[in-house]
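Notes follow once the structure below has been shown.
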Amino acid sequence: MYAFLDLFFMVFHTVQIVFNLTGWIWRRTRRFHLGLMILTLFSWFGLGWFYGFGYCPSTDWHWQIKEAMGETGLPNSFIKYYMDRLTGGDWDPDLLDASVVFFGVAALGVSAWVNWRDWRLQAAGRRSASG
């Protein structure tokens, strides 16, 4: 069961990260993306106030599974773990954390902008249709 959960969290977390970076692109996913980005940043900074900056429940649960499987020396960051594993290197955790914050805040900003633009265009369309 742990092996399945380990794989599940690896896939789930990777898909979530890719969606956090790109979900604003498609009009149909923009509102969901904005909500997920707000939740993600709340986790990093709000829950992070109690559990440590950048706190992610998915990473926490995944690391509990990995520890139950006997894995030790896990980094604080899923991104650090994943980048090290993908490249065979030893990435600087501060550089990765800064990159994650930069791209996360940028994705939130773009998402807020395209959602606002969509809302404004939709409102303008309603005004012209009724006038």
Requested in this report: Give 51, 55 a once-over and let me know the one that is free of Cβ contacts under 8 Å to residues at least 24 places away in the same chain and touching a Phe, Trp or Tyr at 6+ places or on another chain (Cβ under 7 Å).
Outcome: 55
Query raised in the report: Under the condition of being β-branched (Val, Ile, Thr) and touching a Gly at 6+ places or on another chain (Cβ under 7 Å), which residue from the range 12-44 is farthest from residue 58 (Cα to Cα)?
Result: 29
Query raised in the report: So how many residues does the range 1-41 have that are touching a residue at least 40 places away in the same chain (Cβ under 8 Å), part of a helix (DSSP H, G or I), touching a helix residue (DSSP H, G or I) at 6+ places or on another chain (Cβ under 8 Å) and hydrophobic (A, V, I, L, M, F, W, C)?
Result: 10
Report task. Find the residue count for the range 76-92, including only residues that are crowded, with 17+ Cβ neighbours inside 10 Å and free of Cβ contacts under 8 Å to residues at least 24 places away in the same chain. Result -> 5
**Report entry** residue 44 vs. criteria without any contact (Cβ under 8 Å) to a residue 40 or more places away in the chain, surrounded by 14 or more Cβ atoms within 10 Å (Cβ to Cβ) and under 21 Å from residue 9 (Cβ atoms)
**Finding:** no
Query raised in the report: Out of (1) closer than 15 Å to residue 111 by Cα; (2) loosely packed, with under 13 Cβ neighbours inside 10 Å, the odd one out for residue 50 is which?
Result: (1)
Requested in this report: Could you please find all residues in the range 51-99 being over 22 Å from residue 2 (Cβ atoms), of a type in the set (A, V, I, L, M, F, W, C), modelled with pLDDT of 95 or more and not in a helix (DSSP H, G or I)?
Outcome: 91
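The values are calculated or read from the model by the stated rules, or taken from the named source; none is laboratory data. All values derive from a computational prediction rather than experimental measurement. Note that we place each Cβ from the backbone using ideal geometry, even for glycine, and neighbour counts take in every protein chain shown.
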